[in-house]
Every structure is written in C-alpha cells, then in structure tokens.
Amino acid sequence: MLELLEQQRIPIWSHERKNNDPIVFGGGAVLTANPEPFAPFLDVVLMGDGEEVLPKFIEIIQETKNEEKYFRLKELAKIPGIYIPSFYKPIYNSDGQLLSIKTIENDIPKSVSKQTWNGNLTHSQVITPDAVWPNIHMVEVVRSCPEMCRFCLASYLTLPFRYPSVTNELIPAIEKGLKVTKRLGLLGASVTQHPEFPDLIQWLNEDCLQEIRLSISSVRASTVNPELTKVLKKHGSKSITIALESGSERLRNVINKKLSTEEIFTAAKNAKEGGLKHLKLYGMVGIPTESEEDVEETADLLLKIKQKTPGLRLTLGVSTFIPKAQTPFQWNGVQTDAQKRLKILNKRLKPKGIELRAESYRLSLIQALISRSDRRLARVIALLRGTENSLGEWKKAYKTISEEENTSLTTLKSTLAPLPRWEEVIHENWQAEKVLPWTHLQGPVDESLLIKHQKRSIT
Ligand code: SF4
C-alpha cells in the first residue's frame, strides 16, 4: 500500500496529505478487526460490510469535493462505521502502556461500530480469463459462520450468520453466471452450514447441469455426506477440504469446535466412497492450553484415517495459532513451542505418506504482531518499505524504532511512548483488564461476552 502511494507521489502519512491530495481509505476484515497499525497512513477506515458503508461514504465524498480535508473528514465521521483515525488520540503511561483512547474533539463519536449488511449476498459481476480465479462464477452462499470457534475471525468479526434463499436468490444468481461460464465457485466461511444446502446439492445434481465444474471452499466435516461427495465428483472435483484444527478432542472443546472423532472418520469414508481421491485437512498448532500430547494425538488421528480409508490421499495443512482482535482468543499469545510442534507433525506424518503443508512459523509471528499492535507499529511498517518483509527485517526495524524512541524519549518524555516489547505483543497472554489498541472500535460481539467465551474455554 505504501509503495503504491509513493509511486503516485502521494505522501504516505495521513497528516502530510493536504487538501489537494486524495483521501486515502481502506476497509476489509483486517482493518475492521484492528486498523491501528495502519491508522497513521489512512484518512478513513470503512468498518464492516462494504455494501452498507460504501454508498454513504461515496455520497459524502462527492458532496464535499470542494471542501477542505478537515471538513470532509468531520462530515464522514458522522456516518456509522466510518472511522477517522486522526480524530482519536491514544494516551500512554511512561512505560508505554496504553491507558485510553480519547477523541480530539467532543463532537466525535467515542466509539465506531462495525456495520452489517442485511441485503442480498454477492456474486461475480465480471467473469474473465484474466481474473485471479480465471473464468469462475463466484457465488456467496453464506456470510459469517454460526459455529464461533474461539480463534476464528471469519465468524466473530462478521456475525450475524446470513444466507440467501436457495430458490429465490442463489439459484437465479448461479444461473446468471452459467450463461457465460461452466465454472462455478461456492463461497463462504462454511458453505455447507446453509440450512437449505441439501436442496442446492439436489439442484446441482440435475443432468442438465452435468457440464459444470464445481469448486467449494472448506466444509464442516459433519456435513460431508454421500450426496455431497457424489455431486462434487460428478462436477469434476477430486478433493474436499475439512478443518479439524486438532486431533485432540479436549482441544477441540477448548476452541469450541463441535466435532467428534467419529464424524471425522465418517467424512473420510464418505469422501472415498463418493469417488474423491484426496482429502485435505486443516490443523493448527499452538492452540491455548495445547501440550505436546495433543499434537501427538493429531498425528495419531491422521494415521488412523489413513488406515481406515486406504487409497485416499491425505494432506494436512497446518498453521500456527495467531491471536485475532475481536475474538475470544485475542488475549492469548503465540506459543513459542509452536515451531517445535510443526516439526513433530512433520516427523510423524511424512514417512507415512501424508503430505504436510505447514504455514511458515516466522510469517505467523509477523501476522501476530500486526494483529495485536497499536499505531506505534506504523513507523516500523514505514521503515520496512523496499525490504523483503522477512522476520529478520521486521525484528531489525522494530529494534531501530525502539532505540530511536528511547533516545528521543529523554527529551520528549511526555509526548512519545516507547514501542511495547516484541514478546509482549506476540507471545504474552494479556490480562482481561488491559486496554486494547482497538478498545474504541466495536465489533459485533461485546468485549464482556468475548471474555466470558475465553474464560469458558480455558478453565
Ligand atoms: S467452523 Fe470454520 S468458519 Fe466456522 S467458526 Fe469454526 S473455524 Fe470459523
């Protein structure tokens, strides 16, 4: 983003952009959960569903096009879901602990709430071979997920769960795209959660639709039934993806994954019997309270699936748990043992012919830093321009900015706050009383409820 701004000769810092510069705005899941690391670069953040916030944003931008930047931002700040970072000032103590976030003027809203769209869900408007997914007609089947696994941003940040009627909305939306392509993608955090999903599968099973190539995102293991796998096979799919997170039933309870070991075996059996060749599973290491035994249980489970469904190719994609803002696990740090646990899985599964795709632990640490930092991280991000963005470069930039601040602090103690310790942001568990960098931003679930969900999981 910063490089794009520089290429256009637009100042990267919001406070350096004047009346004649464009208003730079952002939105989407990352910025809605915690925009603070990017706050000093952005004039405006749109929080929540674009369908809801964008039309009002565009209207004000057009109406005020001849006004000064400050006036335009003041007008935008009146719209629910529009966050103007420069109108909020973090207050720190001398140790750099965040004490509160205050508005710079009394008529600015004390908090900004994420907005929710309750109209029709979306589908591809342009189908082209030049798209990231070429020639696919994408149709959104559900938005959010009602399962509320406690680490899951895709669920907690986007609640409530919404879905269109299969007959009145989904099928007409699909038919529109099928006039120009034979490739169909069903989108959503967990598409099989749609209460009428069996009806959609039945419709897709009709002979006149035989030529369609169908792709779906990951599905809940308990919904992988013979009808689904047969329809997927009929439409050219060779694989299906389910998320188990952990082989340990205890840990699945900790994260609120309502999934039994038996259901996982049945999903594998149905995948094989339906004619699919490949089962992809998602797992995670470093889940709060996880021990080495839990990770061994994940390996045991994969080996048992292999034994029970010979011939079915298995791939385990593993990520490291990262605390996400606006979820019950936002207070839990990244476990330093996570890297070792990825190695345990590798050692046990690879020799048995189970493919392991592990997400880089080093990249996960950068994600955790961005996930839980406040706006002091912006100077580090700015310093990283032109680098490869490796963990080593992040650490170096973090150190450089920390040292610069420590020097300037001797003369400017009252106005600058030191960067928090790297370990504190990434690895440490935070107390529920800690003032969070996103304390002034309201997601769909109240903080008190998030705390309740967190306590229920860990005790
Ligand atoms: S089932 Fe998947 S999408 Fe739904 S809450 Fe759990 S992890 Fe998130």
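Results for (1) touching a residue at least 40 places away in the same chain (Cβ under 8 Å); (2) in a helix (DSSP H, G or I); (3) more than 16 Å from the ligand (Cβ to nearest atom), shown as yes or no for each residue.
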site	(1), (2), (3)
Arg150	yes, no, no
Leu170	no, yes, yes
Thr192	no, yes, no
Glu227	no, yes, yes
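Restricted to the stretch 205-225, and to residues that are assigned to a loop (DSSP other than H, G, I, E, B), among the charged types (D, E, K, R) and away from the ligand (no atom under 16 Å from the Cβ), which residue is farthest from the chain's Cα centre (by Cα)?
Applying the filter and picking the extreme gives Glu206.
Scanning for something assigned to a helix (DSSP H, G or I), modelled with pLDDT of 95 or more and within 28 Å of Pro323 (Cα to Cα), does the stretch 70-85 turn up at least one residue?
There is at least one residue in the stretch 70-85 that is assigned to a helix (DSSP H, G or I), modelled with pLDDT of 95 or more and within 28 Å of Pro323 (Cα to Cα).
Yes/no per residue for (1) buried (at least 18 other Cβ atoms within 10 Å of the Cβ); (2) closer than 24 Å to Ser222 by Cα; (3) aromatic (Phe, Trp, Tyr):
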| residue | (1), (2), (3) |
| --- | --- |
| Leu157 | yes, yes, no |
| Pro160 | no, yes, no |
| Val166 | yes, yes, no |
| Pro172 | no, no, no |
| Lys176 | no, no, no |
| Lys182 | no, no, no |
| Leu186 | yes, yes, no |
| Asp199 | no, yes, no |
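Of these, Gln125, Gln202, which one is at pLDDT below 95 and assigned to a helix (DSSP H, G or I)?
Gln202
Kindly provide the set of residues from the stretch 215-229 that are buried (at least 19 other Cβ atoms within 10 Å of the Cβ) and under 14 Å from His137 (Cα atoms), ordered by number.
If the condition is that a residue be buried (at least 19 other Cβ atoms within 10 Å of the Cβ) and under 14 Å from His137 (Cα atoms), then Ile216 is the only one that fits.
Scanning for something closer than 25 Å to Val30 by Cα and either away from the ligand (no atom under 16 Å from the Cβ) or not hydroxyl-bearing (Ser, Thr, Tyr) (or both), does the stretch 174-182 turn up at least one residue?
no
Considering (1) in a helix (DSSP H, G or I); (2) touching a Ser or Thr at 6+ places or on another chain (Cβ under 9 Å), say which one Glu262 fails and leave the rest.
Failing condition for Glu262: (2).
From the list Leu377, Leu369, Leu383, Leu342, exactly one residue is over 28 Å from Thr439 (Cα atoms) and not polar (S, T, N, Q). Which is it?
Leu342
I'd like to know if the stretch 268-280 contains one or more residues that are in a loop (DSSP other than H, G, I, E, B), under 27 Å from Leu186 (Cα atoms) and among the polar types (S, T, N, Q).
So far as the stretch 268-280 goes, no, none of its residues is in a loop (DSSP other than H, G, I, E, B), under 27 Å from Leu186 (Cα atoms) and among the polar types (S, T, N, Q).
Are there any pairs with C-beta distances below 9 angstrom linking a residue in the stretch 307-324 that is more than 22 Å from Thr336 (Cβ to Cβ) and not assigned by TED's automatic domain parsing to the domain that holds Thr289 to a residue that is part of a strand (DSSP E or B) and modelled with pLDDT under 95, with the two at least 6 apart or on different chains, and if so which?
If the second residue must be part of a strand (DSSP E or B) and modelled with pLDDT under 95, no pairs are left.
Answer with yes or no whether Ala154 is in contact with a strand residue (DSSP E or B) (Cβ under 8 Å, 6 or more places away or on another chain), within 30 Å of Val45 (Cβ to Cβ) and touching a residue at least 12 places away in the same chain (Cβ under 8 Å).
no
The values are calculated or read from the model by the stated rules, or taken from the named source; none is laboratory data. Computed from a prediction, not measured in an experiment: that's the story for all the values here. Virtual Cβ from ideal backbone geometry, glycine too; neighbours counted across all protein chains shown.
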